[in-house]
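The values are calculated or read from the model by the stated rules, or taken from the named source; none is laboratory data. It should be emphasised that the depicted structure is a prediction, and the values quoted were computed from it without experimental measurement. Reconstructed Cβ throughout: ideal geometry from the backbone, glycine too, with neighbour counts over all protein chains shown.
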Amino acid sequence: MIKLYNSLTNKIEEFKPIKENELSMYVCGSTVYDDIHIGNSRPVVFFDTVARFFQYMGYKVRFVSNFTDIDDKIIKKANQEGVDESVISERYIKSIKETYSLLHCLPHYKNPKVTETMPQIIEFIQLLIDKGGAYIEDHDVYFDVSKAQDYGILSGQSIDKLINGARIEENDKKHNPCDFNLWKETEVGKKWDSPFGAGRPGWHTECVVMINDIFHGKIDIHGGGLDLKFPHHDNEIAQATVAYNNKIANYWMHNGRIDLAGEKMSKSLGNVVWAKDLVQEIGYGPYRLMILNVPYRQPMSFRDEIIVQAKADYEKISKARLSLARKLQIEAGIIDYNTEIKNQELIELENEFKEAMSDDFNTANAITALLHTVKCVNLAVRNKELDLEYSKELMTVLDKEMWVLGIDFKIDALSEEDLDLVRKWMQARSDKDFAKADEYRAIITKKGIII
């Protein structure tokens, strides 16, 4: 049984899919005017791990994350460079996809773009107008929050609280201070013709439309960073309530932010650490372990100690896997480890990992469970007598757990020539012919063979 914290109800709930053994999940993606920093990368890594775990548990997974490729910030940057907005958006879509790849993320089911969904967005806004949930003022369209039942249900930001707390912008065109923009007339930047006037959509409408366009109805999980809870996700729910009489998803999940020494990380403050730079510096394995070693709903403080710990954990895991893989090939000629788990000790070992991930995706405890598996691997490596079936099952458990956390890596099998060389080195050591052993070891090192 998979349990997760549902931000919509503020409690831990058992996950019950809309379709048996299938997962539909949408996570808000990037506004593509710059690269992503490590704060932006937290939902990327975490929800990739969620998708991997569901797949590991036998689900058919459809995981979608969008690109907002038209926005004021994109237009501003395009104007500064004297280029079309598409030049900016395509540049950063390409760069962000490269970062996804560097982070070892699985390919998404789809990555919709706002500019490619414009007819559906216009049609949706018209639907809201027809249903009395939106109105036109001077070629701008606004959503009428008074028509949305339980507005602010996700964040607890009721209309009265918002007005009293002055967390809204003044706008004479709005019927209600809390109403928000669905379509805005514009003379600056790219615009599209519509029944309301030439312009472009408001940010809050885009995700609702893309979700419905791809999934054709309610989905299982909608995710994103905690900063999107209000107003973005609340406004998504408000529109879907009026248009479709649903709250988009059965489960809403939000990850905590990453800060630098207690200070919020943001591009506007100029205190960002770029994800691409850091993953190239420390490697994708330590990067993912760094992100996943903090429970996802908690804030994460970026500091040197967590990188050091992640590197140490990754080295333990990678060395253990390499050692057992080499032992299996050298002593038994085995390079394919995927097998059924029958050993009760290993079943319990795998269950420890499953239970951690099934408990609201507690990746920190899942890493602890993986390190327990690593200890068993090290014991198997040190054993003089190779227990073939046990070792194959142990490698299967290790590979499954690593794959879920996204730190799966394959080690090239030794060629027959290299295998013979390593065996000669091992025999020389066994015979205490250390001069010969050193000679073989020098050749092994020169050839770059890792044992």
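Annotations for the structure displayed:
- Test: residue in the stretch 301-317 that is aromatic (Phe, Trp, Tyr), more than 30 Å from Asn378 (Cα to Cα) and at pLDDT below 95: yes
- Applying the criterion of being part of a helix (DSSP H, G or I) and among the charged types (D, E, K, R) to the residues of the stretch 314-339, the residue that is surrounded by the fewest Cβ atoms within 10 Å (Cβ to Cβ) is Glu315.
- The requirement of being over 28 Å from the mean Cα position of the chain (by Cα), of a type in the set (A, V, I, L, M, F, W, C) and modelled with pLDDT under 95 is satisfied by Ile334.
- All conditions in (1) at pLDDT 95 or above; (2) more than 18 Å from Leu346 (Cβ to Cβ); (3) assigned to a helix (DSSP H, G or I); (4) β-branched (Val, Ile, Thr) hold for Val404, with the sole exception of (2).
- Residue that is surrounded by the fewest Cβ atoms within 10 Å (Cβ to Cβ) [pool: residues in the stretch 410-429 that are in contact (Cβ under 8 Å) with a residue 12 or more places away in the chain and part of a loop (DSSP other than H, G, I, E, B)]: Ile411
- Residues in the stretch 340-370 that are in a helix (DSSP H, G or I) and either among the small types (Gly, Ala, Ser) or surrounded by fewer than 15 Cβ atoms within 10 Å (Cβ to Cβ) (or both): Gln344, Glu345, Ile347, Glu348, Asn351, Glu355, Ala356, Ser358, Ala364, Ala366, Ala369.
- Within the stretch 434-451, considering residues that are of a type outside the set (Phe, Trp, Tyr) and modelled with pLDDT of 85 or more, the one surrounded by the fewest Cβ atoms within 10 Å (Cβ to Cβ): Ala435
- Residue within the stretch 373-380 that is under 18 Å from Phe53 (Cα atoms), in contact (Cβ under 8 Å) with a residue 12 or more places away in the chain and not assigned by TED's automatic domain parsing to the domain that holds Ile38 present: yes
Yes/no per residue for (1) more than 30 Å from Pro295 (Cα to Cα); (2) buried (at least 17 other Cβ atoms within 10 Å of the Cβ); (3) of a type in the set (Phe, Trp, Tyr):
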{"residue": "Arg52", "(1), (2), (3)": "no, yes, no"}
{"residue": "Phe67", "(1), (2), (3)": "no, yes, yes"}
{"residue": "Ala78", "(1), (2), (3)": "yes, yes, no"}
{"residue": "Glu90", "(1), (2), (3)": "yes, no, no"}
{"residue": "His104", "(1), (2), (3)": "no, yes, no"}
{"residue": "Gln120", "(1), (2), (3)": "yes, no, no"}
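- Some residue of the stretch 244-258 being part of a helix (DSSP H, G or I) and surrounded by fewer than 21 Cβ atoms within 10 Å (Cβ to Cβ): yes
- Some residue of the stretch 219-231 being in contact with a helix residue (DSSP H, G or I) (Cβ under 8 Å, 6 or more places away or on another chain) and part of a helix (DSSP H, G or I): yes
- Here is the figure for the stretch 137-152: residues that are touching a residue at least 40 places away in the same chain (Cβ under 8 Å) and either assigned to a helix (DSSP H, G or I) or touching a Leu at 6+ places or on another chain (Cβ under 7 Å) (or both) total 5.
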